[in-house]
Structure formats: C-alpha cells, structure tokens
Amino acid sequence: MVKIKSAEEIELMRESALIVSKTLGMLASEIKPGVNALYLDQLAETFIRDHGAEPGFLGMYDFPNTLNMSPNAQVVHGIPNAEPLKDGDIISVDCGALKNGFYGDHAYTFEVGEVAPEVKRLLKVAKESLYIGIREFKAGNRVGDVGYAIQNYCESHGYGVVRELVGHGLGKKLHESPEMPNYGKRGRGKKFVEGMTVAIEPMINMGTKNIKQLKDGWTILTADGAPSAHFEHNVAIVNGKPELLSTFQYIYDALGIISDEENEFRQTKIRS
Ligand code: MG
Ligand code: MG
C-alpha cells in the first residue's frame, strides 16, 4: 500500500534527503585516484552520524557498510573495499540516512580523474534520464509514464536499461510501495497522487541491459563488463508537481559545476 505523506512528513523527508545530499557533496572532493572506497565509506559514516542521523544501509538486509560503492562495470550494491581508485574509473555511490524516522536514499556516479569521452556521455545521458523520469512524476500520471520516459531516452542512445532493479516508494521504510521501474508502458500501473514520495533511480548500462551477481551475494555487474551509471533523487508530489527533496548542488559546489537542472523541480528553497 502506498503511504501518503503530510506536508510535515515531507519536510522531515527533505531533512533526511539533504543529509545524504551533503554526504555525497563531502565525498565529491575526496574521490580521486589512489583513494579507496573503504576510506570513503568511513568518512560518510562519521559525517552522517555528526549530522544527527543513522547510516540507512548499514545492517539493512545485513549490508556491511554505509555506502554502496560500485565502480565501472558494477551497477549497484558494491561493497566498499581497500582497492585504490584509478584515473579514468567511474564510481557509483549510493547513500542512505535515517533521521526522525524517515529515510533519504540518494546516488551519484562520480568520475575519477580523467574519464573517457564515451563514458562521460553515458553519465550525461543517465543523469538526463533521471530528470526526464522525474518530470513524469506528477499527479494523474502513472508509474509506467516514468519508466517509459527513462527507457525511451536511454535506449534511443543505444544504452541498456537494467530491469531487475528498480526505484521505489520511500518514507519510514527504505523500500515502500510502489516499485518504480526504469522501463515500462505509458499509462500503466499505479496512479500518482498528492503526497506520494519516491526514489527514482535509473541504472543505465553502456552495453547490454543484462546483469550478473558476484558470489558475495550483493554486487551487481553488467553481464558484458561494460560500464554502468546510477543516479538517484528523492521526489515528492507537492501541488500536483514533482518536488525534489534531494539535491546534487553540494556535489556541484565541490566540483565547480554550474547547473540549473534542478530549478524546475524546486518549489521550496533549500535551507542550508
Ligand atoms: Mg539508493
Ligand atoms: Mg533507492
């Protein structure tokens, strides 16, 4: 059953979403060649606790860390390890935080040093598809409208859209109803209404959509070994329209990126 949130609950969710947004912003200036994911994971755990929240993923379904760190051909759910990042890598960082009983759940794929142009293009298209999907998350539309928009855009660029893993409702539970696939048919599935809160999170592969799982029981990789990108925002329906609760602005501030991509989804100014 979909849990509709009140305006007060949405503000609490924004607080949790901003903690994960700030955590990724803090990591943005730390991610470089030679640094390892385990170190970054420890920085994130300390940062989240210092902001009065609990790491959302640590211990969830027995996951051993604060961050999902998924480099290169890893799609999602990578376990942080001590292997140094290399120039030209990409790494998808997925972060959860729990505060006031509500989860934030937010992901970004970072470039490590200088990345190949075709990989930059994958990241650009995957992130654009996130906003194309969010634009469809409005009162009266349906789950399939979001999935269709993301799938159509990414496949038109020749990329594979992962089927087995999907976005989700978000709130007092990390995974609430409805599931939010990154593929689908227009006009199908659950209808969106005021007060719904979801995590939209395209997982986009440069090659095949097919995936495999490592024996660790967690790590998901592309079946063909080609790179994969993952971007995730938390969004509420406010006044019938998509309202972003998370933000990449802290990442952009750290990396010196100028972007107005979030403006159309922001009815409320971000509190610092
Ligand atoms: Mg996530
Ligand atoms: Mg999620």
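The values are calculated or read from the model by the stated rules, or taken from the named source; none is laboratory data. Since the model is a prediction, treat every value here as computed from it, not as a measurement. Every residue, glycine among them, receives a Cβ derived from its backbone with ideal geometry; neighbour counts consider all protein chains shown. We work out accessible area using only protein heavy atoms, side chains counted, and drop any ligands, DNA or RNA first. Shrake-Rupley method; radii C 1.70, N 1.55, O 1.52, S 1.80 Å.
Every test in (1) at pLDDT below 95; (2) closer than 18 Å to D87 by Cα; (3) of a type outside the set (G, A, S) is passed by M1 save one, and that test is (2). Quick one: Y39 ticks every box in (1) within 16 Å of ligand 1 (Cβ to nearest atom); (2) among the aromatic types (F, W, Y); (3) surrounded by fewer than 20 Cβ atoms within 10 Å (Cβ to Cβ) except a single one, so which number is it? Of everything listed in (1) within 16 Å of ligand 1 (Cβ to nearest atom); (2) among the aromatic types (F, W, Y); (3) surrounded by fewer than 20 Cβ atoms within 10 Å (Cβ to Cβ), Y39 misses just condition (1).
Taken together, K138, K127, K120 contain a single residue that is in a loop (DSSP other than H, G, I, E, B) and among the charged types (D, E, K, R), which is K138.
If the condition is being within 16 Å of ligand 2 (Cβ to nearest atom) and in a loop (DSSP other than H, G, I, E, B), then the range 57-96 contributes F57, L58, F63, N65, T66, H77, G78. Among the residues here, K185 does not qualify as among the basic types (K, R) and assigned to a strand (DSSP E or B).
Condition check ((1) part of a helix (DSSP H, G or I); (2) over 17 Å from T197 (Cα atoms); (3) basic (K, R)) across all residues:
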position	(1), (2), (3)
K5	no, no, yes
T23	yes, yes, no
I31	no, yes, no
T46	yes, yes, no
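What residue, of T247, T197, is in contact with a Lys or Arg (Cβ under 7 Å, 6 or more places away or on another chain) and polar (S, T, N, Q)? It is T197. Taken over the range 221-272, the criterion of being modelled with pLDDT under 95 and farther than 22 Å from K138 by Cβ is satisfied by R271, S272. Would the range 163-183 turn up any residue that is open to solvent by less than 60 Å² (accessible area, probe 1.4 Å), touching a helix residue (DSSP H, G or I) at 6+ places or on another chain (Cβ under 6 Å) and away from ligand 2 (no atom under 15 Å from the Cβ)? No.
If only residues of the range 103-122 that are open to solvent by 10 Å² or more (accessible area, probe 1.4 Å) and not charged (D, E, K, R) are counted, the one that is farthest from ligand 1 (Cβ to nearest atom) is P117.
Among the residues of the range 190-219, the ones that are within 13 Å of ligand 2 (Cβ to nearest atom) and either without any contact (Cβ under 8 Å) to a residue 12 or more places away in the chain or in a strand (DSSP E or B) (or both) come to 5 in all. The single condition among (1) under 24 Å from L27 (Cα atoms); (2) in contact with a Ser or Thr (Cβ under 6 Å, 6 or more places away or on another chain); (3) among the β-branched types (V, I, T); (4) within 16 Å of ligand 2 (Cβ to nearest atom) that I150 does not satisfy is (1).
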